[in-house]
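Undergrad: First the structure, which I've put down as structure tokens, then a few questions once you've had a look.
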Amino acid sequence: MQFNREVWLMILGLPLDYCEEEYIDTTVGPFGKMLSWHKDSNNKTRLLIKARVVDLDSIPHFVVFTDTKAMDSDSWTIQVEVL
């Protein structure tokens, strides 16, 4: 798979406990590769991520995020916006 477009993404709804590089990679992984990210301490509701993707159509509007694959684990729906 060739990631040929570089985009800025705004991630909304990621729980504060999961604002770490490994969890952000997990969120972006199905459709792209994270290059860098910016966490604004004044605004805890969003993350700005620079990523490479195949094309803009491959970016979903929402991603389901879970911390484990167990059936009884917690999950969240995270909104993804292309800037």
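The values are calculated or read from the model by the stated rules, or taken from the named source; none is laboratory data. This one's a predicted model, so the numbers in the text were calculated from it and none came from an experiment. Only protein heavy atoms, including side chains, enter the accessible area calculation; ligands, DNA and RNA are left aside. Shrake-Rupley method; radii C 1.70, N 1.55, O 1.52, S 1.80 Å.
Undergrad: Report the relative contact order of the chain, percent, no decimals, based on alpha-carbon pairs under 8 angstrom and at least 6 residues apart.
TA: RCO, the chain: 40 percent.
Undergrad: Just the number, please: carbon plus sulfur as a percent of the accessible area of segment 1-44, 1.4 Å probe, no ligands or DNA/RNA counted.
TA: Carbon and sulfur atoms account for 46 percent of the accessible area of segment 1-44.
Undergrad: Please label the shape of the chain as rounded, prolate or oblate, based on the square roots a ≥ b ≥ c of the eigenvalues of the alpha-carbon gyration tensor (a/c under 1.5 means rounded; beyond that, a/b larger than b/c means prolate, else oblate).
TA: oblate
Undergrad: Still on this structure, please answer the following. Hey, what's the chain come to in accessible area per residue, 1.4 Å probe, Å²?
TA: Values: 5620 Å² over 83 residues.
Computed with neighbouring chains in place, this is 68 Å² per residue.
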